[in-house]
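For reference, the structure discussed in these notes is given below.
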Amino acid sequence: MRHADDESELLRLIRCYVTPNRRYLKLGGALLPMPERERARFLRKLGEAAGEIGPGELGILLDGGWRECKTAAWLIAVAGRTEFRQRLGELLLASGGPYAGQAYCVALATFGTQADADLLVAYLDRYLRRPDLHHDQAPAIGALLLLDARLGAGRAAQFLTPEGLWQRWIDGPPSKSHGAPGHYREFIGQLCGFVDEGARHCVARR
């Protein structure tokens, strides 16, 4: 049970970092159709926020709901706070709520190491075996493919054989209407590009 002071601090952080201009709703695919000037302004403010928030405050947000976790993951990615790698991997693997998993995948893809690929492989190995669950399998395969390309690896291949776990997850039941895995690699790559743009305005990255 949270102490009253903890609740007060969480509410302060939500007001400062999560809800301004409905930030939590715009992090992710909503950035793609956003007008360029509006997106540049949004990412500049995101970068500034990522430089202001401290690691303890990020930890508090990661103990919150999906809005707080999603926002924290983006702030972590923009600031390049790789010390949160394991925590994000644990949250992704726990798959405890909707909407935030894509943000964890973006952060891991942004960090860009084999350790991040390990966490994505662990997630896919567990959740591609669950065709009844439609969680974050698509952004996870996209992030892993992106890391494979950057690292000269081929770790996604184990899931993408003709009768492999990805195809079995697609086939279900229930069957799912999904694009090719390469589509998700491109999508996660676009989101990582937005992270990089925000990072140019983050004092923690200078």
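Annotations for the structure displayed:
- Crossing angle, helix 137-151 versus the chain [Cα axis fit, 0-90 degrees, rounded to tens]: 90
- Computed over the chain, the P(r) curve from all C-alpha pair distances, binned at 10 Å from the origin, holds 9, 36, 35, 17, 4, 0 percent per bin.
- Per-bin percent of Cα-Cα distances, segment 85-153 [5 Å]: 3, 21, 34, 25, 12, 4, 0
- Using alpha-carbon coordinates, inclination of helix 114-127 to the longest axis of the chain, degrees: 60
- Over segment 88-206, the fraction of Cα-Cα pairs per 5 Å bin, rounded to whole percents and listed from the shortest bin up, is 2, 12, 23, 24, 20, 11, 4, 2, 1, 0.
- A 1.4 Å probe, protein heavy atoms only, puts the accessible area of residue 26 near 40 Å².
- Scalar couplings 3J(HN,Hα) for segment 20-28, obtained by applying the Karplus form with A = 6.51, B = -1.76, C = 1.60 to θ = phi - 60°, are x, 6, 6, 3, 4, 7, 9, 7, x Hz; x denotes Gly and Pro.
- Share of carbon and sulfur in the accessible heavy-atom surface of segment 68-118 [1.4 Å probe, %]: 50
- Probing with 1.4 Å while keeping every protein chain in the model, the per residue accessible area of the chain equals 48 Å².
The values are calculated or read from the model by the stated rules, or taken from the named source; none is laboratory data. Just so it is clear, the model here is predicted, and its values are computed rather than measured. Accessible surface is based on the protein model in full, side chains and every heavy atom, while ligands, DNA and RNA are left aside. Shrake-Rupley method; radii C 1.70, N 1.55, O 1.52, S 1.80 Å.
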